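Below: the structure, in structure tokens.
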Amino acid sequence: MKTIAIIGLPNVGKSSLFNRIAKKRIAITSDFSGTTRDIRDHEVIIADKPCIILDTGGLDDSNELFTNVRIKSMEAATKADIIILMVDGKMLPSVEEKKIFYALQSHKKPIALVINKIDNDKEIEKAWEFGEFGADKVFPISVSHNRGVSALLDWIGSFLPEIEPEEPKIEEDNEDIDIESLLALGEDEPEKEEEESNQINIGIVGRVNVGKSSLLNALVGEDRAVVSSIAGTTIDPVDEYIDYEDKRLNFIDTAGLRRRGKIEGIEKFALMRTNDMLEGADIALLVLDGSEPFKELDERIANLADKNNLATIIVLNKWDKKCESYEKTLEELRYRFKFLAYAPVITVSALNKKRVYKIKDMILDVYKNYSQRIPTSKLNALFKEATIRHHIPGDKTKEVKIYFATQYDVKPPKIVLVMNRPKALHFSYKRYLMNKLREEFKLEGSPILLFARKKGERDESLDI
């Protein structure tokens, strides 16, 4: 499938064009220069042909962060099949843009000069000033007003391969087939469960500068995300997948989070995208900085994983610069993150790629636990034994009983207890039952949702 890279200086409208072609708001757009920092790709249909479009970061050398962004963007453009160099039609042509155009032109690939922000016919004269580039294909457009975009898409479509039509299936004569016999074969077969997805969505979360992007790069085996020492480098969530064992691991590097009072400019968009991403995730890799004491913000970010009922793995990064012994660090971690007591902990150095490979196997194990379905008979046997060993505290003078237990959903395991007095089930006894579940079944890394309901009571929030 061919790829089309949109490249240019900051704030010329690359992400807006990306969203226009994708027909949805994928990339964050704002008036802040340098909003896009990582390469974002999306499969689209142009001229009835599938292709992949790349949104790249603005080409700027003003600091370490933007220099790294520039390198990534130029690499993406040189690897693409078709290049769109976008410029701001309200500005005069710059020497820097000419250098970029000539550098890209040398790769002998289809390249178009797209002059954005030509909002009406009167402004078309401004586009003539870019004639000094000597581009064969020039498209004056206005992304915001959707002017001239269709001509650009037609040009792109001319370079995309035609889709080969599928050969029509020839139906065989089935007059001699005994339909009744075929139907009878499946009568005694149990109903098949819905096919399990092969993809695991993993969100990488943590505060700014804990090494989330470095961890993503180490996990996928290439420099996919822009890394710099400047806090808040990642704005748009960056996703990248690898195939491991029999699963597709889809990693999403989210923006680093700060205290609410320190969120500036486009970071408010990043926070919104992080929350949206976590709603669709299965596992959270909670990245903590092992080279310094934990902060209150670490706990608040960890609560996002707990709030979204995600399986969780705690990654202590920068362990090559650890500030305390493992035993002391683990003791402090378990004390401050009591609500994630079920989450396994791994120490790594993302920069040196030390022990990062072990995270992949941990993800598979945790996801298996997160997706586990416990047989009803085993659940009831466990709870029966648990209530015999430790009786349920009564409701004043009334006895509290569990009649029946069943798991009605997975990811995470959701279990309902059918009782005579569900409101009398104290949270401490519920915690006791969950501990028994963890002792009996492999549930490391996964939360458990336990609900108490009265016999015959229906709660639509449980979807049972």
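Some points to look at:
- The range 87-144 shape via C-alpha gyration tensor axes, a/c threshold 1.5: prolate
- Each residue in Trp155, Trp128 was given a count of other beta-carbon atoms within 10 angstrom of its own, and listing them fewest first yields Trp128, Trp155.
- Using θ = phi - 60° and Karplus 6.51 cos²θ - 1.76 cosθ + 1.60, couplings along the range 43-49 (whole Hz; Gly, Pro as x): 7, 9, 10, 10, 6, 6, 10
- Among Tyr370, Tyr342, Tyr326, sorting on how many other beta-carbon atoms sit within 10 Å of each Cβ, with the fewest leading, yields Tyr326, Tyr342, Tyr370.
- Residue order, fewest to most surrounding Cβ atoms within 10 angstrom, among Met434, Met91, Met1, Met419: Met1, Met91, Met434, Met419
- Each residue of the range 306-322 is assigned a 3J(HN,Hα), and the resulting list reads 5, 4, 8, 6, 8, 5, 9, 10, 8, 10, 8, 8, 6, 5, 5, 10, 3 Hz, derived from the Karplus form 6.51 cos²θ - 1.76 cosθ + 1.60 (θ = phi - 60°), x at Gly and Pro.
- Of the peptides 436-443, 276-283, 385-392, the ranking by mean beta-carbon count within 10 Å, highest at the top, reads 276-283, 436-443, 385-392.
- Virtual spin-label span in nm between Tyr403 and Gln199, 7 Å along Cα→Cβ: 4.2 nm
- Rounded if a/c under 1.5, otherwise prolate or oblate - the range 388-449, Cα gyration tensor axes: prolate
- The alpha-carbon of Lys90 sits under 24 angstrom from the alpha-carbons of these lysines, leaving out residues fewer than 8 places away in its chain: Lys14, Lys98, Lys99, Lys117, Lys122, Lys126, Lys137.
- For Leu54, distant residues with modelled amide H under 5 Å away: Ile4, Ala5, Ile6
- Derived scalar couplings between HN and Hα for the range 149-160 equal 5, 4, 5, 5, 5, 4, 4, 4, x, 5, 9, 8 Hz in order, rounded to whole Hz, by the Karplus curve 6.51 cos²θ - 1.76 cosθ + 1.60 (θ = phi - 60°), x for Gly and Pro.
- In terms of the mean number of neighbouring beta-carbon atoms within 10 Å, the peptides 202-211, 343-352, 359-368 order highest first as 202-211, 343-352, 359-368.
- In a simple Cβ point-charge model (Lys, Arg +1; Asp, Glu -1; nothing else charged), the range 376-462 has a dipole of about 220 debye relative to its Cα centre.
- Nitroxide proxy distance, nm - points 7 Å out along Cα→Cβ at Leu364 and Arg248: 1.8 nm
- FRET efficiency estimate (nearest 0.05) - Cβ-Cβ, Lys98 to Lys321, R0 41 angstrom: 0.35
Taken together, the values in this text are just the output of simple stated rules run on the coordinates, not laboratory data. Here the structure is a predicted model, which is why all the values come from computation and not from measurement. A quick note on method: Cβ atoms are made from the backbone with ideal geometry, for glycine too, and the neighbour counts reach across all protein chains shown.
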